[in-house]
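Derivation of every value follows stated rules applied to the coordinates shown; laboratory data play no part. Note that the structure is a prediction, hence the values are computed from the model and not measured. Using ideal geometry, Cβ is built from the backbone for each residue, glycine included, and neighbour counts are taken over all protein chains shown.
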Amino acid sequence: MARRQSSTRGFKRTASVLTERIRRAGESRGFAVSRLLTHWSEIAGPEIAAIARPVNIGYGRGGLGATLTVLTTGAQAPMLEMQKEKLREKVNAVYGYNAISRVRITQTAPTGFAEGQAVFQPPRPEAAPAPDSAIIAQVASTARPIENDELRAALERLGRNVLSKPKH
């Protein structure tokens with residue numbers, strides 16, 4: 001039987017390299033399903049994800065039902081408190097059964113503690129400044145000989161992005 005040759009030439013996909021480390025880190029904090037951490041904004045919804053993030057899942061002595069600990073700032077805690085049951089249902093939908101019986105909210109200042117220093121929502125990308133007319137004209141004249149309209153438009157976008165990039 002012939003052995004199949006690897007087409008990766010010694011390289012591995014990043015996801016396959018990090019999967020085990022992410023699983024171990026998640027399990028050390030009680031997250032048996034790491035998807036809860038990696039897809040928090042999709043699971044909790046954009047409103048809740050903007051003000052809170054999961055910190056820990058703790059299992060009681062009886063082993064029936066776990067407690068999800070969620071971190072938020074003090075000002076957002078009352079709003080999150082009103083949405084605890086809805087959040088619990090969404091998280092249990094990820095697990096596929098009633099794994100979380102309680103949601104506990106912890107509060108911290110937005111700065112000061114190690115857990116509270118992280119931003120709850122990823123920063124929004126800043127809009128790139130519009131390139132000046134000289135760059136647009138230069139790119140258009142360079143791409144003018146290309147006959148394919150889609151290719152010409154793509155190369156013009158690339159040229160505008162490259163030439164308008166700030167030089168550090």
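Here are the numbers for this structure:
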{"read-out": "Per-residue HN-Hα couplings for the stretch 73-83 [Karplus 6.51, -1.76, 1.60; θ = phi - 60°; Hz; x = Gly/Pro]", "value": "7, x, 5, 8, 4, x, 5, 5, 4, 6, 10"}
{"read-out": "Pairwise FRET efficiency - R61 versus A93, Cβ, R0 = 30 Å, nearest 0.05", "value": "0.70"}
{"read-out": "Alpha carbon centroid spacing (whole Å) that separates the stretch 134-168 from the stretch 49-108", "value": "50"}
{"read-out": "Built amide H within the under 5 Å cut-off of I105, gap 5+", "value": "V70"}
{"read-out": "Extension gain (nm, one decimal) between E47 and S133, 0.36 nm per residue minus Cα-Cα", "value": "26.9 nm"}
{"read-out": "Cut-off 12 Å between beta-carbons: net charge of the residues surrounding E47, Lys and Arg +1, Asp and Glu -1", "value": "+2"}
{"read-out": "Cα gyration tensor shape of the stretch 57-99, rounded if a/c is under 1.5, else prolate or oblate by comparing a/b with b/c", "value": "oblate"}
